[in-house]
Amino acid sequence: MTKPDLSAEAIRLGRLVLELLPDPEVMGLLALMLLHESRRTARSTPDGDVILLEEQDRRQWNRNMISEGKELIERSLGTGRFGVYTIQAAISAVHAGASSAAQTDWGQIVALYDVLMRSAPSPVIELNRAVAIAMRDGYEAGLALIDAILERGELCQYHLAHAARADLCRRLGRTNDARLAYERSLALAQQEPERRYLKKRLQELG
């Protein structure tokens, strides 16, 4: 099966499970799958190169999947018995509801990550929260949090942590720091589309 086929099958099975077991977290998981799938055509070029969320053409997003996902989230939240899948889906729904990257409600996303951290704390969730804080409170604030995570050593081998640090350094004009972080991320990255993206960023730094 191709990746689209696998995603479609996962969503089909998710709907089937929901019919048999109308549990809030089944709703949340199905919503999360739908919201991720809604962006499939927009998150890569025809050649397979990565397109980041803020650079995606939102006109390509599947609005029917987004609407279905949001409805499932509301049903799950309404039970008061939701869990991590529903919270993750709610974060995706905030992104999906923004007409542009600039219109994203980062305050709401940070608040949802705070809830997620209390429910299922992990260094990766902490990293994602740090990126959201960078967008809400400024790049320096987010960079300080990412540096603290990396200093603890928990994500020192995780290429996306170094990529996130590189991006914030780039936005702050700290070109040398950005270059070192991109190079570290590239050394750790395994997937070729991600490696091409990181190489492109390095070339843009000059």
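The values are calculated or read from the model by the stated rules, or taken from the named source; none is laboratory data. Just so it is clear, the model here is predicted, and its values are computed rather than measured. Glycine gets a Cβ as well: all are built from the backbone with ideal geometry, and neighbour counts include every protein chain shown. Accessible surface areas use protein heavy atoms only, side chains included; no ligands, DNA or RNA. Shrake-Rupley method; radii C 1.70, N 1.55, O 1.52, S 1.80 Å.
So for the stretch 143-161 (the condition being open to solvent by 40 Å² or more (accessible area, probe 1.4 Å), β-branched (Val, Ile, Thr), in a helix (DSSP H, G or I) and at pLDDT 95 or above), does at least one residue qualify? So far as the stretch 143-161 goes, no, none of its residues is open to solvent by 40 Å² or more (accessible area, probe 1.4 Å), β-branched (Val, Ile, Thr), in a helix (DSSP H, G or I) and at pLDDT 95 or above. Figure legend. Inter-residue proximity from the stretch 157-178: first residues among the aliphatic types (A, V, I, L, M), second residues open to solvent by less than 20 Å² (accessible area, probe 1.4 Å) and part of a loop (DSSP other than H, G, I, E, B), beta-carbon distance below 6 Å, spacing 6+ or different chains. Indicated pairs: Ala161/Leu155.
A search for C-beta distances below 9 Å between a residue of the stretch 117-129 that is free of Cβ contacts under 8 Å to residues at least 40 places away in the same chain and in a helix (DSSP H, G or I) and any residue that is open to solvent by 60 Å² or more (accessible area, probe 1.4 Å) and aliphatic (A, V, I, L, M), counting only pairs 6+ apart in sequence or on different chains, returns Val124/Leu160; Glu126/Leu145; Leu127/Leu145; Leu127/Leu160; Arg129/Leu145. Considering only residues that are open to solvent by 70 Å² or more (accessible area, probe 1.4 Å), closer than 22 Å to Ala141 by Cα and charged (D, E, K, R), which ones fall in the stretch 172-206? Selection gives Arg174, Arg184.
The set of residues in the stretch 49-75 that are under 25 Å from Ala163 (Cβ atoms) and either in a helix (DSSP H, G or I) or open to solvent by less than 30 Å² (accessible area, probe 1.4 Å) (or both) comprises Leu53, Glu54, Glu55, Gln56, Arg58, Gln60, Trp61. In the stretch 110-121, which residues are open to solvent by 40 Å² or more (accessible area, probe 1.4 Å) and out of contact with any Gly (no Cβ under 9 Å at 6 or more places or on another chain)? Result: Ala111, Asp114, Val115, Met117, Arg118, Pro121.
Okay, residues lined up against (1) under 26 Å from Arg75 (Cβ atoms); (2) β-branched (Val, Ile, Thr); (3) at pLDDT 95 or above:
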site	(1), (2), (3)
Val94	yes, yes, yes
Gly107	yes, no, yes
Val131	no, yes, yes
Ala134	no, no, yes
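For the stretch 18-41, the candidate set comprises residues that are within 30 Å of Arg201 (Cβ to Cβ) and surrounded by fewer than 17 Cβ atoms within 10 Å (Cβ to Cβ); within that set, the residue that is nearest to the chain's Cα centre (by Cα) is Arg40. When you look at Asp167, is it in contact with a Cys (Cβ under 8 Å, 6 or more places away or on another chain), among the acidic types (Asp, Glu), within 21 Å of Lys200 (Cβ to Cβ) and part of a helix (DSSP H, G or I), yes or no? So Asp167 does not fit the description; no.
Looking only at residues that are open to solvent by less than 10 Å² (accessible area, probe 1.4 Å) and of a type in the set (Gly, Ala, Ser) in the stretch 76-91, which one is nearest to Leu32 (Cα to Cα)? Ranking the qualifying residues of the stretch 76-91, first place goes to Ala89.
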